[in-house]
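Visitor: Take a look at this one; I'll ask things after.
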Amino acid sequence: MTTHTTRLALTAAAAGAALLAVPVAAWAGVGSGGSDDDAGNGTQTRIESGMGMMSDWGRTDDDDDTTGRRGGMGMGRSSTAGAGAGMGVGDGSCLDDAAVEGDATDADAASLAAMADDERMARDLYLELADAWDLSTFDRIAAAEDRHLDAVVRLADAYGLDDPTEDAEAGVYADADIQALYDELLAQGSESETAALGVGALVEETDIADLRAQDVDSEAIASTYARLEHASEHHLTAFVRELDAAGATYSASVLDPAEVEDITGVPAP
């Protein structure tokens with residue numbers, strides 16, 4: 001199983017390179033009325049037919065509400081300018097308790113703790129960037145990350161494991177590598193709106209790779225991770241398309257650029 005520390009070291013090394021691809025001229029910020037044409041990888045019908053973390057993914061998710069500030073980039077199709085029909089990413093109740101059988105292995109327990117840190121860091125980071133730049137995209141995706149964190153915590157609880165987030169303080173992490181990464185990405189995202197969106201795209205790109213690298217024994221955990229990966233693809237799409245609408249270019253640094261192009265529909269630079 002790929003260790004969490006190795007993944008974080010890769011991300012920290014890639015962070016600067018990913019943001020350098022944003023043209024200086026575009027760093028003035030995201031304009032209003034960003035295109036919402038075909039944002040994401042599917043329509044609300046696809047989401048509601050079971051592509052989410054449970055059958056009702058997307059129906060009550062904050063990601064559906066893309067009417068937000070600055071004429072926010074739509075995350076799904078809509079006849080209303082600046083609004084998306086929905087790329088819901090779940091309400092955190094994705095866990096099918098009936099699927100949890102037996103005991104969690106050491107690999108399962110370690111993976112759940114690591115993924116809880118991933119989801120918590122993403123949520124904390126997005127909340128800070130939402131406050132810094134007043135971009136509704138960060139508000140919506142932070143809320144989704146909170147639900148994803150809840151799903152991971154519920155899995156841990158279902159297996160009788162300790163809550164990996166107990167007594168956790170926002171922006172504070174026991175793992176020194178995670179703390180350093182959070183601090184670095186927050187500093188980068190605080191430079192400009194487009195830098196913040198680039199940070200968001202990098203986080204989601206890395207989360208996809210990290211989820212794929214997890215080697216777990218539990219079928220319930222593997223199933224949940226597959227759904228979290230699907231949600232991260234939607235989040236990556238939202239960030240990259242909002243950058244594209246601002247005339248900024250995002251260069252993939254963790255996944256293959258061709259795959260990021262396929263996921264987001266935005267041509268690789």
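The values are calculated or read from the model by the stated rules, or taken from the named source; none is laboratory data. Fair warning: this is a prediction, and the values are worked out from it, not measured in the lab. Cβ sites come from the backbone with ideal geometry, for glycine too, and all protein chains shown count toward neighbours. In case anyone asks, the SASA skips ligands and DNA or RNA and just uses the protein heavy atoms, side chains included. Shrake-Rupley method; radii C 1.70, N 1.55, O 1.52, S 1.80 Å.
Visitor: Considering only region 180-200, state which residues are in a helix (DSSP H, G or I) and surrounded by fewer than 16 Cβ atoms within 10 Å (Cβ to Cβ).
Guide: If the condition is that a residue be in a helix (DSSP H, G or I) and surrounded by fewer than 16 Cβ atoms within 10 Å (Cβ to Cβ), then Ala180, Asp183, Glu184, Ala187 are the ones that fit.
Visitor: Looking at Val203, is it surrounded by 24 or more Cβ atoms within 10 Å (Cβ to Cβ) and not hydroxyl-bearing (Ser, Thr, Tyr)?
Guide: yes
Visitor: Return a yes/no flag: does region 206-226 have any residue that is closer than 14 Å to Arg123 by Cα and either in a loop (DSSP other than H, G, I, E, B) or open to solvent by less than 30 Å² (accessible area, probe 1.4 Å) (or both).
Guide: Checked region 206-226: at least one residue is closer than 14 Å to Arg123 by Cα and either in a loop (DSSP other than H, G, I, E, B) or open to solvent by less than 30 Å² (accessible area, probe 1.4 Å) (or both).
Visitor: Give Leu228, Leu197, Leu185, Leu211 a once-over and let me know the one that is of a type in the set (A, V, I, L, M) and touching a His at 6+ places or on another chain (Cβ under 9 Å).
Guide: It is Leu228.
Matching residues to (1) over 20 Å from Ala209 (Cβ atoms); (2) within 18 Å of the chain's Cα centre (by Cα); (3) open to solvent by 20 Å² or more (accessible area, probe 1.4 Å):
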{"residue": "Asp108", "(1), (2), (3)": "no, no, no"}
{"residue": "Met121", "(1), (2), (3)": "no, yes, no"}
{"residue": "Phe138", "(1), (2), (3)": "yes, yes, no"}
{"residue": "Ala144", "(1), (2), (3)": "no, yes, no"}
